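**Q** Shown below is the structure under consideration.
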Amino acid sequence: MGYEKPLPAPDPETEPFWNGCRDHKLLIQRCGSCGTHRFPPTSYCPTCQSGEVDWVEASGRGRVFSWIVVRHPVPKEVYADDVPYTVAIVTLEEGVRMVGNLVGIDPDRVTADMPVVVRFDNVTDDITLPAFAPAGA
Ligand SMILES: [Zn+2]
């Protein structure tokens, strides 16, 4: 049986990110003019408005900024077997924030600022989803 949960639909702006995930690399944008990292992908730098952009590999390390624990699955048919699960906003070492599932830890044990590291889940041949897990786990 195939993967039956919703999948991202890469577009020209986000395709480099998803290609990176497939290679198990967490890619983020860095402004080609002022060097500011940014995520999610945008055409222009919010700091200096430059359209020059480089894709760079993030360390994959960060800290939990905030999180929620999902206990009521929506849609129920799709996520009923997953609850409870944790969705976190992670501040990467590069300064950008990224949303992802937080795996490998009981939701009740998650704490603010806890160090986490990215991990990758190849859910289909084309799509690999990033998630975060406690660092050192
Ligand atoms: Zn810039």
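**Q** Give the residue that is nearest to PRO16 (Cα to Cα), with candidates limited to residues of region 48-73 that are within 16 Å of the ligand (Cβ to nearest atom) and assigned to a strand (DSSP E or B).
**A** Keep residues of region 48-73 that are within 16 Å of the ligand (Cβ to nearest atom), which gives 48-56.
Subset that is assigned to a strand (DSSP E or B): 53-56.
Values: VAL53: 12, ASP54: 10, TRP55: 8, VAL56: 10 Å.
Once the filter is applied, the top-ranked residue is TRP55.
**Q** How many residues are of a type in the set (A, V, I, L, M, F, W, C), more than 18 Å from ASP125 (Cα to Cα) and away from the ligand (no atom under 16 Å from the Cβ) when one looks only at region 7-47? Don't jump to the end; show me each part of the working.
**A** Applying the first criterion (of a type in the set (A, V, I, L, M, F, W, C)) to region 7-47 yields 7, 9, 17-18, 21, 26-28, 31, 34, 39, 45.
Remaining after also requiring more than 18 Å from ASP125 (Cα to Cα): 27-28, 31, 34, 39, 45.
Still in the running and away from the ligand (no atom under 16 Å from the Cβ): 27.
Total meeting the criteria: 1.
**Q** What is the number of the single condition among (1) more than 20 Å from GLY20 (Cβ to Cβ); (2) assigned to a loop (DSSP other than H, G, I, E, B) that ASP125 does not meet?
**A** Among (1) more than 20 Å from GLY20 (Cβ to Cβ); (2) assigned to a loop (DSSP other than H, G, I, E, B), ASP125 violates only (1).
**Q** Being at positive phi, over 17 Å from the mean Cα position of the chain (by Cα) and not in a strand (DSSP E or B) is true for just one of GLY136, GLY104, GLY95. Which residue is that?
**A** Values: GLY104 fails: over 17 Å from the mean Cα position of the chain (by Cα); GLY95 fails: over 17 Å from the mean Cα position of the chain (by Cα).
Just one listed residue meets the conditions, GLY136.
To keep it simple, each residue is scored yes or no on (1) among the small types (Gly, Ala, Ser); (2) without any contact (Cβ under 8 Å) to a residue 60 or more places away in the chain; (3) surrounded by 16 or more Cβ atoms within 10 Å (Cβ to Cβ).
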site	(1), (2), (3)
TYR3	no, no, no
PRO12	no, yes, no
CYS21	no, no, yes
LEU27	no, yes, yes
PRO41	no, yes, yes
CYS48	no, yes, no
SER59	yes, yes, no
GLY62	yes, no, yes
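**Q** Related question: Got at least one residue in region 74-82 being part of a strand (DSSP E or B), more than 17 Å from ARG119 (Cβ to Cβ) and either more than 14 Å from the ligand (Cβ to nearest atom) or at pLDDT below 95 (or both)? First the steps, then the outcome.
**A** We begin by selecting, within region 74-82, every residue part of a strand (DSSP E or B); these are none.
No, region 74-82 contains no residue that is part of a strand (DSSP E or B), more than 17 Å from ARG119 (Cβ to Cβ) and either more than 14 Å from the ligand (Cβ to nearest atom) or at pLDDT below 95 (or both).
The values are calculated or read from the model by the stated rules, or taken from the named source; none is laboratory data. Note that the coordinates shown come from a computational prediction; the quantities given were computed from them, not determined experimentally. Note: ideal-geometry Cβ built from the backbone for every residue, glycine included; neighbour counts use all protein chains shown.
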